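The values are calculated or read from the model by the stated rules, or taken from the named source; none is laboratory data. Keep in mind it's a predicted model, so treat the numbers as computed, not measured. Glycine also receives a Cβ, built like all others from the backbone with ideal geometry; neighbour counts cover every protein chain displayed. Just so you know, the surface numbers come from the protein's heavy atoms only, side chains and all, with ligands and any DNA or RNA stripped out. Shrake-Rupley method; radii C 1.70, N 1.55, O 1.52, S 1.80 Å.
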Amino acid sequence: IDYTDNGEVPGTILNQFSMDEFEGNFRIATTTGSRKPVNNLYVLDTNLNIIGKVEGLAPTERIYSARFLGNKAYLVTFRQVDPLFVIDLSNPTNPRVAGELKLPGFSEYLHPYDNDKLIGLGRDTDQEGRQTGAVKITLFDVSQIDSPREIDSHLIGGSGYAYSEASYDHKAFLFSKEKGLLVIPVNINNWEERKN
């Protein structure tokens, strides 16, 4: 392997899904700042020069999940509600936020269902942004880039505290559209039952 070039963007990344290469361009989503975070998306060319960017997304929130699929990027930030941003990357020199959906809770992992739908796995929250203790699975319709919507959601747990390894380890997430199969591990700690 030969070292050929380097590039630099401000901020830190969440995980490997915050980076992507598509049609010769490198795309990366970052969060800058700790007390007053903001989120950004950059497109770099083959020489790793910034050719396009969207900066200042969701001030005071942090990226909780990211996914690049073809000419689109999906970012979830969180503080009190779960904004799902759909970013149009069809013009890499002029990326733009095309749509946004706000829901209670937040997705920590995004997985493609097909070209028009996205699965979100994360946590449920109440209207004030407090976690309810439930794991939340959401199916998003992203067929209309300017108006993403929630098709359905399902909560697991909630009377105690539930979590899934698949939220932070994508290898624990098993999905087969052809077989109609979605498998995730969930650990539920139910303190109410232990008291009785």
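Which one is nearest to Thr93 (Cα to Cα) among residues in region 25-48 that are of a type outside the set (Ser, Thr, Tyr) and open to solvent by 30 Å² or more (accessible area, probe 1.4 Å)? This residue is Asp45. For region 24-37, the tally of residues that are in contact (Cβ under 8 Å) with a residue 40 or more places away in the chain and either under 18 Å from the mean Cα position of the chain (by Cα) or not in a strand (DSSP E or B) (or both) stands at 2.
Taking (1) within 22 Å of Gln16 (Cα to Cα); (2) surrounded by 12 or more Cβ atoms within 10 Å (Cβ to Cβ); (3) among the polar types (S, T, N, Q) in turn, Ser176 satisfies each apart from (2). Exactly one residue among Thr132, Thr60 is surrounded by fewer than 19 Cβ atoms within 10 Å (Cβ to Cβ) and part of a strand (DSSP E or B), and that residue is Thr132.
Taken together, the residues in region 39-48 that are over 13 Å from Leu14 (Cα atoms) and assigned to a strand (DSSP E or B) amount to 3.
Within region 37-60, the set of residues being of a type outside the set (Val, Ile, Thr) and under 18 Å from Val97 (Cβ atoms) comprises Pro37, Asn39, Asn40, Leu41, Tyr42, Gly52, Lys53, Glu55, Gly56, Leu57, Ala58, Pro59. Would you point out the residue of region 100-129, among those that are hydroxyl-bearing (Ser, Thr, Tyr) and open to solvent by less than 20 Å² (accessible area, probe 1.4 Å), that is farthest from Ser65 (Cα to Cα)? Per the stated criteria, the residue is Thr125.
Restrict the check to region 42-55 and report whether at least one residue is under 26 Å from Lys136 (Cα atoms) and out of contact with any Asp or Glu (no Cβ under 6 Å at 6 or more places or on another chain). Checked region 42-55: no residue is under 26 Å from Lys136 (Cα atoms) and out of contact with any Asp or Glu (no Cβ under 6 Å at 6 or more places or on another chain). Given Ile1, Ile51, which one is over 13 Å from the mean Cα position of the chain (by Cα), surrounded by fewer than 18 Cβ atoms within 10 Å (Cβ to Cβ) and part of a strand (DSSP E or B)? Being over 13 Å from the mean Cα position of the chain (by Cα), surrounded by fewer than 18 Cβ atoms within 10 Å (Cβ to Cβ) and part of a strand (DSSP E or B) holds for just one of Ile1, Ile51, which is Ile51.
Count of region 65-99 residues, restricted to those that are surrounded by fewer than 17 Cβ atoms within 10 Å (Cβ to Cβ), charged (D, E, K, R) and outside any loop (DSSP other than H, G, I, E, B), is 1. Here Asn40 fits the description: under 17 Å from the mean Cα position of the chain (by Cα) and in contact (Cβ under 8 Å) with a residue 24 or more places away in the chain. Filtered by the rule that a residue be farther than 13 Å from Ile63 by Cβ, out of contact with any strand residue (DSSP E or B) (no Cβ under 6 Å at 6 or more places or on another chain) and not acidic (Asp, Glu), region 17-33 gives Phe22, Gly24.
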